[in-house]
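These notes concern the structure reproduced below.
Readers should treat all values here as calculations from the given coordinates under stated rules, not as data from a laboratory. As the structure is a prediction and not an experimental result, all values here were calculated from the model. Cβ coordinates were reconstructed from backbone atoms using ideal geometry, including for glycine residues, and neighbour counts include every protein chain displayed.
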Amino acid sequence: MTVVKNNADVAALRVLVIEDEAMVRVTLVEALRHQGLKFVASASDAVSALKAGKEFKPDAIFCDIDLGVGPHGVDIAHALRSANPKLGIIFLSTLADPRLKNAGVRGLPAHAIYLKKADVNRSTILLDALINLFSSSNEDTAHASSRIKLTEIQIEILQLVASGLSNAEISKVRGITVKSTENAIARLAKTLKVKDQANVNQRVLLTRYYFELSGKIGKVS
């Protein structure tokens, strides 16, 4: 992987932005150019991203996780990394954890950085991420991820609760008893420290928590 020693080295990097929302995509591209990057391209879906990877030959990508219909960002990143083993990868997502896109989602590529879009409140954060990604002291570190402390089974249950399924329906989907489902939801609530509140039951609070983690609503106090 290329070693970046200063901002001049960063400016020479070829960076590809992969984002399906046009306004966000344009904003990211302009933010990177504002930070001095000379070579910035963009793609909105898997097809255009893979084409850009072949023709533009990026040194690094900023990739959204949820790209709408079709392959998601993790799959695209793996494909581009396969074609270019030295590719730097920075994920930008509304999700607190990539597994919220789909429980059991393929793991993140090694040496990738995971940033929540809500935490990127200034363009210098993007530059800092690039510098950190290509820092010689960071080459042997595992990817930095904002993964939440839940198992894939717990994330799946949280998704099913948020989808409005009853305990009986969740039991049928997962092939377990209703009692096992009730216990699993109770353990999940305990892990998340979610307790019944006046006029608001546990399932509603778990649903709110899921949408908060998914970036669909602001933090619920």
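Assorted remarks:
- Net charge contributed by nearby residues that have their C-beta within less than 13 Å of Asp59 (K/R +1, D/E -1): +4
- Extension gain (nm, one decimal) between Ala12 and Arg33, 0.36 nm per residue minus Cα-Cα: 6.4 nm
- Per-residue HN-Hα couplings for the range 33-38 [Karplus 6.51, -1.76, 1.60; θ = phi - 60°; Hz; x = Gly/Pro]: 5, 5, 7, x, 6, 8
- Once both labels are positioned 7 Å from their Cα atoms along Cα-to-Cβ, the gap between Lys86 and Ala118 label points is 3.8 nm.
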